[in-house]
1. Among helices (runs of 4 or more DSSP H) lying entirely in the stretch 1-95, which contain 1 or more residues that are of a type in the set (Val, Ile, Thr), open to solvent by less than 70 Å² (accessible area, probe 1.4 Å) and free of Cβ contacts under 8 Å to residues at least 60 places away in the same chain?
2. Specify the residue that is nearest to Leu104 (Cα to Cα); the eligible residues are those in the stretch 117-151 that are of a type in the set (Asp, Glu) and within 16 Å of the chain's Cα centre (by Cα).
3. Any residue at all in the stretch 107-125 that is over 21 Å from Ser88 (Cβ atoms) and either touching a helix residue (DSSP H, G or I) at 6+ places or on another chain (Cβ under 6 Å) or buried (at least 16 other Cβ atoms within 10 Å of the Cβ) (or both)?
Amino acid sequence: GVARWALQAAMRLPESERPQFIMLGLAHPDPTCRLRAAIAVRDGRECPDRSTMLQKMRIDRFMTVRREALYAMLDASIEDRREWLASSLLDRHRSMREAARYYLTHEGAQRPVHFDIRAFYVDAIEKSADDTLASAIAGLGETGQRTDAESLIKFVEHPRPKIAASAVRAIAELD
């Protein structure tokens with residue numbers, strides 16, 4: 001409670017004095033402190049250490065902090081934005097994958113180049129390391145076609161339970 005109160009009080013300081021407190025908030029073990037600091041980063045576009053803070057937020061274990069980083073990157077250049085959105089397609093949390101798909105699809109409607117999300121997941125499964133394989137399988141289950149279920153059957157007996165469970169859920173969603 002004290003850390004939350006201190007962070008809230010620090011947000012009332014002049015902008016030049018906030019970054020050090022925001023970094024402390026992002027490093028705090030309390031997820032509420034990290035979320036409040038993440039919101040401050042998203043809103044503080046002029047912060048000199050913003051890119052460092054966004055990288056820290058990007059790998060946070062708390063999904064809502066990662067989502068704040070994703071939202072902050074929506075104002076970035078098209079290349080940076082697309083790179084963040086594409087990497088978020090392989091996030092372990094479904095909500096992050098859905099947000100990334102939404103913004104990539106929205107971007108595709110405004111630009112002549114269309115981002116093929118299903119093809120992205122198929123490619124990611126072929127090239128994926130074990131750390132993102134479960135997310136790639138889940139993403140294909142969320143966006144694929146019924147015929148994709150057959151290509152996922154081989155993962156049902158994967159030695160890592162997380163990957164096998166992801167494959168079972170994806171097959172169930174597809175077929």
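1. Values: elements: 2-10, 19-27, 31-43, 50-58, 63-72, 78-88.
Where helices (runs of 4 or more DSSP H) fall fully within the stretch 1-95 and carry at least 1 residues being of a type in the set (Val, Ile, Thr), open to solvent by less than 70 Å² (accessible area, probe 1.4 Å) and free of Cβ contacts under 8 Å to residues at least 60 places away in the same chain, they are 19-27, 31-43, 63-72.
2. The extreme case among them is Glu142.
3. Let us first name the residues in the stretch 107-125 that are over 21 Å from Ser88 (Cβ atoms), namely 112.
Those left that are additionally either touching a helix residue (DSSP H, G or I) at 6+ places or on another chain (Cβ under 6 Å) or buried (at least 16 other Cβ atoms within 10 Å of the Cβ) (or both): none.
Within the stretch 107-125, not a single residue is over 21 Å from Ser88 (Cβ atoms) and either touching a helix residue (DSSP H, G or I) at 6+ places or on another chain (Cβ under 6 Å) or buried (at least 16 other Cβ atoms within 10 Å of the Cβ) (or both).
The values are calculated or read from the model by the stated rules, or taken from the named source; none is laboratory data. Since this is a predicted model, take the numbers as computed values, not measurements. Neighbour counts are summed over all protein chains in view; Cβ atoms, including those assigned to glycine, are modelled from backbone coordinates with ideal geometry. Accessible surface is based on the protein model in full, side chains and every heavy atom, while ligands, DNA and RNA are left aside. Shrake-Rupley method; radii C 1.70, N 1.55, O 1.52, S 1.80 Å.
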